[in-house]
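What follows is one structure encoded as structure tokens, with my remarks underneath.
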Amino acid sequence: MKEMKAAAVIVAGGMGKRMESKTPKQFMNLCNKPVMQWSLECFDSMQEITKIVLVLPANEIQRGKILLAAFKPSKPFLITEGGATRQDSVMSGIAALDQDEDEFVLIHDAARPGITRDVATMTLRAAFETGAAICAIPSSDTLAQVSSGQMTKRLNRTEIYRVQTPQVFKCSLIRQALKKAKEEGDAATDEASLIYGMGNEVRIAPGSLENIKLTSPIDFKILNLILSER
């Protein structure tokens with residue numbers, strides 16, 4: 001099999017309103033590091049990752065550089081300006097890559113600081129086999145479809161997975177999907193939805209219960225426990 005190599009794009013553009021904090025969640029201090037630094041260090045430690053692009057809001061780039069003063073990457077690293085939406089920010093990050101050199105790209109939310117090399121490596125391996133892969137975990141809860149406060153359908157939880165990041169794609173494929181989405185005004189919550197919508201296979205790699213998204217204060221408490229043990 002061809003050697004696995006990919007560039008990493010870390011999206012850190014959220015404002016974290018549900019965190020009940022004036023500080024954007026990517027900048028919050030989590031176990032003595034900015035939240036975003038946990039993901040950066042994970043990918044910097046992986047031999048499969050060739051370079052790292054961090055996407056920040058334009059008005060927060062200087063703050064990001066100050067907070068990351070202790071981050072000393074071994075890989076080429078740059079910070080670029082994000083856009084008005086997540087898709088715009090992902091496009092900005094991918095635009096900073098070399099179209100000829102970077103065949104695959106790993107896209108990750110900085111708000112998932114619990115990411116591990118094992119999860120990222122398994123997702124990379126799945127993407128190298130098919131061109132597109134995501135990590136996800138099976139739902140452990142009974143799920144219901146609801147409308148106007150009423151249950152309308154019970155979903156089969158054995159067929160339901162909770163999608164996480166990273167998501168890994170062939171660069172040419174994700175560029176095509178993002179361009180198509182922009183032209184058609186299609187706003188998706190993640191890149192895999194766009195790839196799937198074009199009729200492409202998206203492989204599922206195992207995610208992790210530790211790879212939770214920092215959304216609310218309780219998530220911060222959980223991640224603090226998880227990361228304090230690393």
Legend entry - Given the chain, longest segment not containing exposed loop GluC sites (Glu not before Pro) (DSSP; at most 11 other Cβ within 10 Å): 102-200
Inset, instruction - Given the options P34, P73, P57, state which has the largest fluctuation in a GNM of the chain using a 10 Å cut-off (strictly under) for Cα springs. - result: P73
Legend entry - Extension gain from R230 to A144, taking 0.36 nm per residue of separation minus the Cα-Cα distance: 27.4 nm
Inset, instruction - Sticking with the crude label model, points 7 Å out along Cα→Cβ, report the distance from T23 to A69 in nm, one decimal please. - result: 1.5
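Tally Lys/Arg at +1 and Asp/Glu at -1 over every other residue whose Cβ is under 15 Å from the Cβ of Q145; what's the total?
Details: positive: K153, R154, R157; negative: D141, E159.
Every neighbour counted, the sum reads +1.
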Inset, instruction - Rank the residues T123, T215 as a footprinting-exposure proxy: fewest other Cβ atoms within 10 Å of their Cβ go first. - result: T215, T123
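Below 8 Å between Cα atoms, with a sequence gap of 6+, how large is the relative contact order for the chain in percent? Working shown, then result.
Details: 432 pairs, mean separation 53.6, N = 230.
Averaging sequence separation for qualifying contacts and normalising by length gives 23 percent for the chain.
What pairs in K5/K65; K170/K213; K25/K179; K51/K72; K25/K51; K22/K72 have C-alpha atoms more than 19 Å from each other? It would help to have the intermediate numbers written out before the result.
Numbers: K5/K65 26 Å; K170/K213 24 Å; K25/K179 29 Å; K51/K72 13 Å; K25/K51 24 Å; K22/K72 27 Å.
Over 19 Å Cα-Cα: K5/K65; K170/K213; K25/K179; K25/K51; K22/K72.
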Legend entry - Positive-end extreme of charge dipole, the range 59-151 - chosen from I61, T85, Q145 (charges on Cβ): I61
Inset, instruction - May I ask for the net charge around M91, where only other residues with Cβ less than 15 Å from the Cβ of M91 are counted and Lys, Arg are +1 while Asp, Glu are -1? - result: -3
Inset, instruction - Kindly work out what percent of the DSSP beta bridges joining two residues of the range 6-228 are antiparallel, to the nearest 5. - result: 45
Inset, instruction - Could you tell me which of rounded, prolate or oblate describes the range 113-229, using a ≥ b ≥ c as the square roots of the eigenvalues of the alpha-carbon gyration tensor, with rounded for a/c under 1.5 and, failing that, prolate when a/b is larger than b/c and oblate otherwise? - result: oblate
Legend entry - Choice from L78, L54, L97 with maximal GNM fluctuation in the chain (Cα, 10 Å cutoff): L78
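Computed from the coordinates by the stated procedures, all read-outs in this text should not be read as laboratory data. These numbers come from a predicted model, not from an experiment. Neighbour counts run over all protein chains shown; Cβ positions are idealised from the backbone, glycine included.
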